[in-house]
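FYI, it's all coordinate maths here, none of it is from the lab. These numbers were taken from a predicted model, which means no experiment stands behind them. All Cβ positions, even for glycine, are placed from backbone atoms using ideal geometry, and neighbour counts span all protein chains on display.
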Amino acid sequence: MSGVSGIFKAIQSGTKHLLIRRFTLRYPEQKLKFVGDGYQFDPKEGVGIAGYKGRHILYHDKCTGCQLCAIACEGIAEAIGMVKIDKQWKHNKKSIMPQIDYGKCVFCGLCVDACPFYALFMTDDYELAAYTKEHLIYTPDQLSVKVDYEGNVEIKIDDHGATHG
């Protein structure tokens, strides 16, 4: 008797999903529109500000080369290495800044949490595909480039589930 009730439940579940609109985006023509900035951390308050965890952005004028981001990443993914840069900054005496290997990064955000100078943030840019491993390593100059991400599809959540349009 349990086999018949299982078949009945499967048919009931299938017919229920026939009435719900599908949630498939036609990527890359359609991209999600994210609301707000990327993930940030406020060290004064000690709380993370919610946001999407994508590619990092580095502000050279705020980075002191303290290496706290690399230390925070050390036990997790070891994706951040400190490299010497050519430019001299008044507040960065050692002239070292973070370089991120996105082949190793797990996008946990601990490096952003560890930065006490608001120099490192995460953005909504999630398109980081590359043909070689070397192209996944972002230098400090590449990390300082602002993201130009344009999403065009919003998610609408109602009683019947989530849809886009």
Paramagnetic label zone (point 7 Å from Cα along Cα-to-C-beta, D37; backbone N under 12 Å) in the range 103-133: 118-124
Under 18 Å from the Cα of K93, which aspartates and glutamates turn up, not counting those fewer than eight places away in the same chain? D61, D141
Which whole-Hz ³J(HN,Hα) couplings does the range 73-85 yield from phi under the Karplus relation 6.51 cos²θ - 1.76 cosθ + 1.60, θ = phi - 60°, glycine and proline marked x? 7, 4, x, 9, 10, 6, 8, 9, x, 8, 10, 7, 10
Just the number, please: percent antiparallel of the DSSP beta bridges in the chain, rounded to the nearest 5. 90 percent
Interchain or sequence-distant (5+) residues whose placed amide H lies within less than 5 Å of the amide H of I49 are Q40, F41, D42
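Okay, helix-only estimate at 222 nm for the chain: each DSSP H run of n ≥ 4 adds -39500 (n - 2.57), divide by all residues, round to 500 deg cm²/dmol; what do you get?
Details: 4 runs with 33 residues, N = 165.
The helix contribution divided over the chain gives -5500 deg cm²/dmol.
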Which of L128, G151, I11 sits closest to the plus end of the dipole of the range 2-164, meaning its Cα is farthest towards the positive end, when Lys and Arg get +1 and Asp and Glu get -1 on the C-beta? I11
Scan around C105 for amide H atoms under 5 Å from its own, H built in the peptide plane at 1.01 Å from N, and keep only partners 5 or more places away or cross-chain. none
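Which order do the peptides 76-86, 122-132, 9-19 come out in when sorted by mean C-beta neighbours inside 10 angstrom, highest first? Kindly include the intermediate steps, with their values, before the conclusion.
Details: 76-86: 15.5, 122-132: 13.9, 9-19: 8.8.
Descending packing order for the listed peptides: 76-86, 122-132, 9-19.
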Once phi is turned into θ = phi - 60°, what whole-Hz ³J(HN,Hα) does the Karplus curve with 6.51, -1.76 and 1.60 give for every residue of the range 117-132, x standing for Gly and Pro? 10, 6, 9, 10, 10, 10, 10, 8, 6, 10, 8, 10, 5, 8, 8, 10
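Starting from 0.36 nm per residue, how many nanometres of slack lie between K84 and E154 once their C-alpha separation is accounted for? Intermediate results must be reported in sequence, preceding the final value.
Numbers: separation 70, 0.36 × 70 = 25.20 nm, distance 4.15 nm.
Extra length available between K84 and E154 comes to 21.0 nm.
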Cα-centred dipole magnitude for the chain, charges only on beta-carbon of K, R (+1) and D, E (-1), debye, nearest 20: 200 debye
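Count charges around K87 for me, please; just the other residues with Cβ under 13 Å from its Cβ, Lys/Arg as +1, Asp/Glu as -1.
Details: positive: K84, K90, K93, K94; negative: D61, D86, D141.
That sum, taken over residues with Cβ under 13 Å, equals +1.
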Please determine, in degrees from 0 to 90 and to the nearest 10, the orientation of helix 2-18 with respect to the longest principal axis defined by the Cα atoms of the chain, where the helix direction is its Cα long axis. 70 degrees
With the contact rule set at Cα under 8 Å and sequence spacing of 6 or more, what percent relative contact order holds for the chain? 29 percent
